Amino acid sequence: MSVAVSFHNVLKSFGPVQVLHGVNFALQPGRITALLGENGAGKSTLMKILSGYENLSGGELRINGQAMRFKSSRDAEAQGIVLIHQEFNLAEDLSIAENIFLGHEKKRGWLLDDASMREQAQQALAQVGLRVDVNTKVKQLIVAEKQLVEIAKALARKARLLIMDEPTATLTPGETQRLFALMAQFKAEGVTMVYISHKLDEVEQVTDEVVVMRDGQFVAQQPTRELTRQQMASLMVGRELSDLYPPKSVLASGGAPAMKVRGLTVPGWATDVDFEVHPGEILGFAGLVGAGRTELFEGLMGLRPRSAGAIELHGQAVRLRNPREAAAQGLTYLSEDRKGKGLHVRFGLRQNLTLMALDRYASPWLRVKDELKALAQAVDEFGIRAGSLDSLASSLSGGNQQKLALAKVLHPGPQVVVLDEPTRGVDVGAKRDIYLLIQKLAREGLAVVVISSELMELIGICHRVAVMRAGRLQTVLEAEQLTEEDLIAHATGTH
């Protein structure tokens, strides 16, 4: 039986801060509904209420017409409602079978019924198309396999309403299509699904209807086929987004490259790579997961060993042994892992901003007043929305964390900047802000390298795009040659 859900004047406050303001809408049973909104719109909070991770502050949640208040996620699961978190909720050191039944162990008398759990876990894996032994430890799996374990876990708990939060954020295009085929199979079996994503092309492809939230309020509910991506984006941000990608800056012809790389080899990841990027240019790097793009630039920065290669910055040969030496030479890198490597989320905004330029503020004593002045300027310049300048980085939304990370790597004043997945996990409004910022950097004469898994992003903002496959540079395409079909063909070796 499908699950029918309706929200009636739902309110939610965290202390004095109200995050949901009387939300009213219903989810159609047996359909796939996209839940859209900028970071901070209240989507995740509403879904945590539906799945028993948060309590209502007011209003009513009805399941199949009955008013419900779940005390825990276990209560919601008893009704067939399961949330698959954006950050996987798996115990890495346990086996797949142990994860699937964690907290729901089957017993025979006083003892655990391991044989029954392994058998049912294997059936759940077969249902999602994962051919792995259920005794395998989760830490041995790749990201896409962990995603399938999460879905198998939901199926083992008899999910009739499945909530997926950014399920394709770390999947390759092929893995994404397999997930969509699985969703189509669930839909045919009557499972209701809520799909939270910032990728509007995926929403267009896989969902039946769209619900949009903004600032903790319900905004719209319409069939997906009646909305263009542009209209979805405009509903999310509350204004017309006539151009997601700002006009590209005009490149000056001729002139020496800002950075020239020859024969760069990072053992196991990249082999004999040549490229160059000019002042004022935005050079994209495309490729499938595992193509070696991130590892190439980590080798360039001295973050992992490189066995060969010559690097020139503004015509001068340089040796870069670590990011500090690179920064001193005018080259900076923003990691794709903003929480793990880009920011210290338990530090304040001020400490994060000035970390790479501390010698500017500490000679010999730390001048906090100057740091605060620089922070106020960065908050204004980068459009960082924070409750207060004393906030911790962890309190910011994903888009604002990314803007802070950008401000941090740009604060020392580099001439060449490498941005790895600069808009991953940020909403459409923040994406446009980041694109405007990247174009501004190029117009100011910086050389910018953008590594991205989003092909339309590379086509929209780059002057040229380099395509990598299996650790080797396949081609570099000029702006007028850029199409999704060509980029995919070069990335997969089918060109």
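Please specify each residue of the range 83-102 satisfying the condition of being closer than 14 Å to GLN147 by Cα and either surrounded by 20 or more Cβ atoms within 10 Å (Cβ to Cβ) or not aromatic (Phe, Trp, Tyr) (or both). Even if it seems obvious, please write down each step before you answer.
So the first thing to find is which residues in the range 83-102 are closer than 14 Å to GLN147 by Cα, and the list is 83-92, 96, 99-100.
Across the range 83-102, the qualifying residues are LEU83, ILE84, HIS85, GLN86, GLU87, ASN89, LEU90, ALA91, GLU92, ILE96, ASN99, ILE100.
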- Task: Please name all residue pairs, on different chains or six or more residues apart, with Cβ atoms under 9 Å, provided the first residue is in the range 471-495 and is within 28 Å of GLY299 (Cα to Cα) and in contact (Cβ under 8 Å) with a residue 60 or more places away in the chain and the second residue is assigned to a helix (DSSP H, G or I) and among the acidic types (Asp, Glu).
- Result: GLY471/GLU295
- Item | Residue count, the range 146-167 (criterion: hydrophobic (A, V, I, L, M, F, W, C) and closer than 18 Å to GLN123 by Cα) | 8
- Complete set of residues in the range 274-291 that are touching a Pro at 6+ places or on another chain (Cβ under 8 Å) and among the charged types (D, E, K, R): GLU276
- Message: Cβ contacts < 6 Å: first residue part of a loop (DSSP other than H, G, I, E, B), restricted to the range 243-258; second residue of a type in the set (D, E, K, R), any location; separation 6+ or different chain. Result?
- Response: LEU244/ARG432; SER249/ARG443; LEU251/GLU281; PRO257/GLU276
- Message: If I ask for residues that are touching an Asp or Glu at 6+ places or on another chain (Cβ under 9 Å) and outside any strand (DSSP E or B), which ones from the range 461-495 would you list?
- Response: CYS462, HIS463, GLY471, HIS495
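Suppose we filter ALA362, ALA291, ALA326, ALA317 for residues that are over 19 Å from PRO414 (Cα atoms) and over 24 Å from the mean Cα position of the chain (by Cα); which single one remains? Spell out the reasoning first.
Numbers: ALA291 fails: over 24 Å from the mean Cα position of the chain (by Cα); ALA326 fails: over 19 Å from PRO414 (Cα atoms); ALA317 fails: over 19 Å from PRO414 (Cα atoms).
Just one listed residue meets the conditions, ALA362.
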- Message: Which numbered condition in (1) touching a helix residue (DSSP H, G or I) at 6+ places or on another chain (Cβ under 9 Å); (2) at negative phi is the only one that GLY103 fails?
- Response: (2)
- Query: If you take the residues in the range 223-272 that are of a type in the set (Ser, Thr, Tyr) and closer than 30 Å to MET468 by Cβ, which one is surrounded by the fewest Cβ atoms within 10 Å (Cβ to Cβ)?
  - Reply: SER253
- Task: Would you check if there is a residue in the range 395-414 being more than 29 Å from PRO257 (Cα to Cα) and surrounded by fewer than 16 Cβ atoms within 10 Å (Cβ to Cβ)?
- Result: yes
- Given the structure, is GLU485 within 30 Å of LEU35 (Cβ to Cβ) and either modelled with pLDDT of 90 or more or not basic (Lys, Arg) (or both)? no
- Note on the structure: Apart from one, (1) surrounded by 22 or more Cβ atoms within 10 Å (Cβ to Cβ); (2) touching a Leu at 6+ places or on another chain (Cβ under 8 Å); (3) over 24 Å from LYS153 (Cβ atoms) all hold for LEU50; the odd one out is (3)
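The values are calculated or read from the model by the stated rules, or taken from the named source; none is laboratory data. These figures come from a predicted structure and were not determined experimentally. Glycine also receives a Cβ, built like all others from the backbone with ideal geometry; neighbour counts cover every protein chain displayed.
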